[in-house]
């Protein structure tokens, strides 16, 4: 693989939920929204999202944050949960459950109940980003002045 995964980063932690009974397309809609967000902000968005896939995605993000907190405590590192961002988030297709639905004239149609594997990686925001986004008010005034 050419690109380096963020899991090589010591401070990154991940959570994964497998065989979730949500179609991957529906879960990807939410995962695309929260990718790159601050972890606590993503949890707030998922908590009030009307989609049915928001509950399992919320649980995976919360688990990744808890894993980061645990690993930092275990390694005696300082971790500010507000600095955690969702570095990677993706949904893979799991095994499909095949069921049959009776139809007219003795026929049967196949119903595919799809499952998902949801993976979320959280990591602390890089140091250069933390300094530039530490005061959003200063950044907004910088844009307005000429």
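Here's the picture: a label point sits 7 Å out from the Cα of residue 97 along the beta-carbon direction, and within region 48-62 the residues with their amide nitrogen under 19 Å of it are 52-57. Look at 18, 98 and count the other Cβ atoms within 10 Å of each Cβ; fewest to most, that gives 98, 18.
Rounded, prolate or oblate for region 10-144? Axes are the square roots of the Cα gyration tensor eigenvalues, ordered a ≥ b ≥ c, and the cut-off for rounded is a/c under 1.5. In terms of gyration-tensor shape, prolate. For residue 59 and residue 110, what does the FRET efficiency come to when R0 = 22 Å and r is the distance between their Cβ atoms, rounded to the nearest 0.05? Taking R0 as 22 Å, the efficiency between residue 59 and residue 110 is 0.15.
Each value in this text was obtained by applying a stated rule to the coordinates, not by laboratory testing. Quick caveat, the model's predicted, so the values are computed rather than measured. Glycine also receives a Cβ, built like all others from the backbone with ideal geometry; neighbour counts cover every protein chain displayed.
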